[in-house]
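One structure below.
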Amino acid sequence: MYRHFFGLSERPFDLTTNPRFLFLSSGHREALSLLHYGLAGDKGITVLIGEAGTGKTTLVRAALSHYQGSEVVSLYLNNPMLTRQEFYEFVAHGMGLGAEVAQSKTMFLRELDDLLSQRRQAGILTALIVDEAQAIPTEILEEIRMLANLESSTTKHLSILLTGQPELAARLNEAALAPLKQRVALRTTLPPFGLQETACYLAMRIRVAGGEPSTIFYRSAVEQIHHVSKGIPRTINVICDNALITAFALRMKPVSTDVITEVCTDLDVHVGGAEPVQTEAQAPRPGAAAPEDVERREAPEATAVRLLGTPRPLSVIHHIEGNADRVKIEQAASESNETTRRGRTAIFSTAD
Ligand SMILES: Nc1ncnc2c1ncn2[C@@H]1O[C@H](COP(=O)(O)OP(=O)(O)OP(=O)(O)O)[C@@H](O)[C@H]1O
Ligand SMILES: [Mg+2]
């Protein structure tokens, strides 16, 4: 409903994992590389941990889309409420084994091992992705460990990827899960966006949706969105979508901090009680650092450039769609960096 008012061809902040809107912060890029490595290699178990809404599922989907129809066959489990028997039925079905195979664990493991080793010999890798793994019962995690044992003398047969919220890290420290933890070969934690990354994330999503960032958000509003959302993409999206609705109702653009304050109050989103949502008058002056980002700054006068200077978004989206390899990610990132440096002087208006 607000698209025409803001000059957008589509809504920029939908809560989907649409790869066209994929943005790779340095943390997301590192995690995506790790997922590729874990999926395509014979590394055994890979673990990705991140707070709710930081983008774990988004990254897993991006990593999987890279291999669509090619050399990796993947099985994606995102229902943590399975019984042990249902888990075996799920894996048997997903791997194309007959339902009867799941009735006997011995038969299941033998048939699965045969299948995986045939695939290996044919150059096809097989991956089991377990999303929301923090909620998986211990007995199922034990079964997953058994699957991680399927290997020849030289190689693992099944790549296993566990993603979950920080509780997963705590679960892996439980004594009962020590054998599983020992088999984790790759592990990383997905951080929230920093201020510049939030600014670039907003700008990228607005541009992909056909809009011009500087006409849509004041920079102080962007800083406030970052502050309140703590750089969590899902929260950023919810705040921004509501802010566009509210600003449209008020026929107000660019969106100011007053609108963000109102929306955050309505959504009951606040910064941990200790740091109340700022009003327009309290918001940092354009060019001033958000407190948590002060140490990342090189010099105050560099702020405007640095706020919009995170390089990667657009070209990396092309990487994902184009099935390029990791080297191309690096190239694309530096090309994008150049484009950013040469092409733009301001993303968000400071004239509020
Ligand atoms: N890197 C990103 N690029 C673009 N959008 C993102 C990115 N990360 C997250 N998002 C947006 O945030 C939303 C939430 O992300 P996602 O569902 O991947 O989080 P999650 O870490 O899996 O959360 P949960 O732990 O609750 O499952 C996505 O639907 C997407 O709109
Ligand atoms: Mg998720």
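Please treat every number below as a calculation from the coordinates, not as lab data. For clarity, every value in this text was computed on a predicted model and none was experimentally measured. Don't worry about glycine lacking a Cβ; one is built from the backbone with ideal geometry, like all the others, and counts go over all protein chains shown.
Counted by Cβ distance under 12 Å from L125, the other residues give a net charge of +2, where Lys and Arg count +1 and Asp and Glu count -1.
With 25 Å as the limit, the listed pairs K181/K230; K105/K156; K43/K181; K56/K105 have K181/K230; K56/K105 beyond it between alpha carbons. With each label modelled as a point 7 angstrom along the Cα→C-beta vector, the D268-T189 pair spans 2.8 nm. So, R0 is 22 Å and r is the distance between the beta-carbons of Q121 and E86; what FRET efficiency does that work out to, to 0.05? E between Q121 and E86, to the nearest 0.05, is 0.15. A simple packing score, the average count of other Cβ atoms within 10 Å per residue, orders the peptides 19-32, 224-237, 77-90 as 224-237, 19-32, 77-90, with the highest score first.
Using 0.36 nm per residue, how much length does the chain from R234 to S33 gain when fully extended, once their Cα-Cα distance is taken away? Kindly include the intermediate steps, with their values, before the conclusion.
Numbers: separation 201, 0.36 × 201 = 72.36 nm, distance 2.16 nm.
Gain in length upon complete extension: 70.2 nm.
Close amide H contacts of I129 (hydrogens built in the peptide plane, cut-off under 5 Å, sequence separation of 5 or more or a different chain): L75, Y76, L77, L161. Here the spin labels are modelled as points 7 Å beyond Cα on the Cα-Cβ line, and at D42 and E10 they lie 4.1 nm apart. Compared with the alpha-carbon gap, the fully stretched path from N149 to S104 is longer by 14.4 nm at 0.36 nm per residue. Overall, the anisotropy analysis places segment 26-190 in the oblate class: the square-rooted eigenvalues a ≥ b ≥ c of its C-alpha gyration tensor yield a/c not less than 1.5, with a/b not exceeding b/c. Extension gain for A249-E71 works out to 59.1 nm (0.36 nm per residue, less the C-alpha to C-alpha distance).
Summarising the label geometry, the points placed 7 Å from Cα in the beta-carbon direction at E212 and N79 lie 4.9 nm from one another. Derived scalar couplings between HN and Hα for segment 258-268 equal 4, 5, 4, 4, 4, 5, 5, 5, 4, 7, 6 Hz in order, rounded to whole Hz, by the Karplus curve 6.51 cos²θ - 1.76 cosθ + 1.60 (θ = phi - 60°), x for Gly and Pro.
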